[in-house]
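Student: Here it is, the structure in full.
Rule-based calculations on the coordinates, nothing more; no lab input. Computed from a predicted structure; not experimentally measured. FYI the Cβ positions are ideal-geometry reconstructions off the backbone, even for glycines, and counts take in every protein chain you see.
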Amino acid sequence: MTSLHPDTRAVHLPKPPLNGSVPITTPIYQTSGFAFDDPAVFADGMSRPDGAFVYGRHGNPTVRVLEEAVAGLEGGVAAVATASGMGAISAVLLGLLGAGDHLIAQKALYGGTAALVNDLTRRFGVSVTYVPEADPDAVRQAVRPETKMLYLETIANPMTQVADLPGMCAAAREAGVVTVVDNTFASPVLCRPLEHGADIVVHSMTKFLSGHSDLLGGIAVFADDAMYRKIWSFAGELGATFDPFAAWLTLRGLQTLPLRMARHCDNTRVLATRLAEHPAVAAVHWPGLPGHPSYELAAGLLPGFGAVFSFDLVGGRAAGEKFMSSVRLALLAPSLGGVETLILHPATTSHRSLTAEELARSGIGEGTVRVAVGIEHPDDLWADFEQALAQS
Ligand SMILES: *Cc1c(COP(=O)(O)O)cnc(C)c1O
């Protein structure tokens, strides 16, 4: 090798000298592909997720460590990580549904998912029936011979309805229908839908799993190996590939997920209960409060009630707007699940595509404020909310 020109030596770099030790953290394998000694191993790696790594769109060691970590937390056999939560949801819906198939979905859906389902029905020949999130009989009535999938969210946005996962999954299973659950709002710390009969769990890892508002990512976790291989292959076709550096950041976030979730949920209880007692507040929507339509279901299903809630002010929209422009610590921003407390106005942002009628049907008021609670000190958060309430 000493005879090589500098041009060639600059291209072919030395490998790390690991003389008997291994790194404590997972290295970032920032490479688009992998080189082989054996052509047969190369060919085999192309055809399956558990062969040798070949090309980054089909697998990467850093990403694989994350996939195995999340599959382990959710109790699944394997997982496919994607470039965003919508990447995972698209891979699963487009990968399992085709023209002529029927989908049963819960009414309150994440905005991006609702838009995707609309596209599936308008342009891809999929039909959909919407059901309430806790009504197994509605699933039984909606099932047709061509029904392929039931789609649920553990905790819905922004009114925090909780799905009756055991009942809904059982109704789907009786009919041989696959259940997919978006577990983003609960995280595997509060809920593991596969234990309640779901077949696939999807997450926006942008939220609690990574937890620091610094990346976009998604993942689909599978109870069944054949379904995993099918979506692994299709996600490669879609190109919704997760980046190794984002996977590394997500792994780092994942290590503190249980600690963060505990603090997120404790802080949320403080804010939700104090707001519920405040004279300027008309209603607080959080399943941890008795009186929320999902309170009893949530108390039986979840060890904590999540860190997203909504509330309405007595003064309606004007008061809501004043509140949002008056908070100092909480940030007016999209997303949730990060360490910072974020607030937004669903009617003009996350749910702006809904008609006034659809908004009313989903219980979202003109002045409803959504709060994604962070891990700051709860007294500082309450002091901020209190001063903003005093102005609104
Ligand atoms: C954010 C979110 C998504 C979409 O995830 P992205 O990472 O933004 O693509 C899907 N479902 C829920 C419940 C979410 O909160």
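Student: Per 5 Å bin, what percent of the C-alpha pairs of segment 6-128 does each bin hold, from zero upward?
Tutor: 2, 8, 12, 15, 15, 14, 12, 8, 5, 4, 4, 1, 0
Student: Separate question: I'd like the distance separating the alpha-carbon centroids of segment 201-240 and segment 1-47, in whole Å.
Tutor: Taking the Cα centre of segment 1-47 as reference, the centre of segment 201-240 is 27 Å away.
Student: Next question, about the same structure. If the cut-off is 30 Å between C-alpha atoms, which lysines fall inside it for residue 107, apart from same-chain ones fewer than 8 positions away?
Tutor: 148, 207, 230
Student: ³J(HN,Hα) across segment 141-146 via Karplus (A = 6.51, B = -1.76, C = 1.60, θ = phi - 60°), whole Hz, x for Gly/Pro?
Tutor: So the J values, rounded to whole Hz, are 6, 7, 5, 10, x, 8.
Student: Further, regarding this structure: Could you work out how much longer the chain between residue 386 and residue 355 gets when fully extended? Use 0.36 nm per residue separation minus the Cα distance between them, nm to one decimal.
Tutor: This chain segment gains 8.0 nm when fully extended.
Student: Give the distance, in whole Å, between the Cα centre of segment 83-162 and the Cα centre of segment 315-392.
Tutor: Their Cα centres are 27 Å away from one another.
Student: Give me D for segment 257-391 in µm² s⁻¹, whole number, from Stokes-Einstein with Rh from the Kirkwood sum over alpha-carbon pairs, 25 °C and 0.890 mPa s.
Tutor: 164
Student: Amide H neighbours of residue 224 under 5 Å, counting only residues 5+ apart in sequence or on other chains, H built in-plane at 1.01 Å?
Tutor: 77
Student: With Cβ to Cβ distances under 14 Å as the rule, what net charge do the other residues near residue 263 carry (K, R +1; D, E -1)?
Tutor: -3
Student: Also, I was wondering about something else. At a Cα cut-off below 23 Å, give the lysines reachable from residue 15, other chains included and same-chain residues fewer than 8 away excluded.
Tutor: none
Student: Binning every alpha carbon pair distance of the chain at 20 Å from zero, what are the percents per bin?
Tutor: 27, 53, 18, 3, 0
Student: Where does the charge balance sit around residue 78 when Lys and Arg score +1, Asp and Glu -1, over other residues with C-beta under 14 Å from its C-beta?
Tutor: Around residue 78, the surrounding residues sum to -3.
Student: Nearest 10 degrees, 0 to 90: what angle lies between the long axis of helix 85-96 and the longest principal axis of the chain (Cα atoms)?
Tutor: Rounded to the nearest ten degrees, it is 70.
Student: A further question on this structure: What is the sum of charges around residue 63, taking Lys and Arg as +1, Asp and Glu as -1, for the other residues whose C-beta is under 15 Å from the C-beta of residue 63?
Tutor: -1
Student: OK, next. Over the C-alpha atoms of segment 63-135, what are the Rg and the largest Cα-to-Cα span, Dmax, in Å?
Tutor: Gyration radius and largest Cα-Cα distance of segment 63-135: 14.2, 38 Å.
Student: Can you compute the charge dipole magnitude of segment 234-392 about its Cα centre, using +1 on each Lys and Arg Cβ and -1 on each Asp and Glu Cβ, nothing else charged? Give it in debye, rounded to the nearest 20.
Tutor: The dipole magnitude comes to about 60 debye.
Student: If packing is taken as the mean number of other Cβ atoms within 10 Å per residue, what is the order of 37-49, 126-138, 76-88, 199-211, highest first?
Tutor: So the order, starting with the most tightly packed, is 199-211, 76-88, 126-138, 37-49.
Student: Using the Cα centre of the chain as the reference point, and only Cβ charges (+1 on K/R, -1 on D/E), how large is the resulting charge dipole? Debye, rounded to the nearest 20.
Tutor: Approximately 440 debye in magnitude.
Student: Another question, if that's okay. Using alpha carbons only, how many degrees (0 to 90, rounded to 10) separate the axis of helix 316-326 from the longest principal axis of the chain?
Tutor: 50
Student: Same structure, new question: Name the residue, out of 247, 175, 226, whose mean-square fluctuation peaks in a Gaussian network model built on the chain with Cα pairs under 10 Å.
Tutor: Greatest mean-square fluctuation among the candidates belongs to 226.
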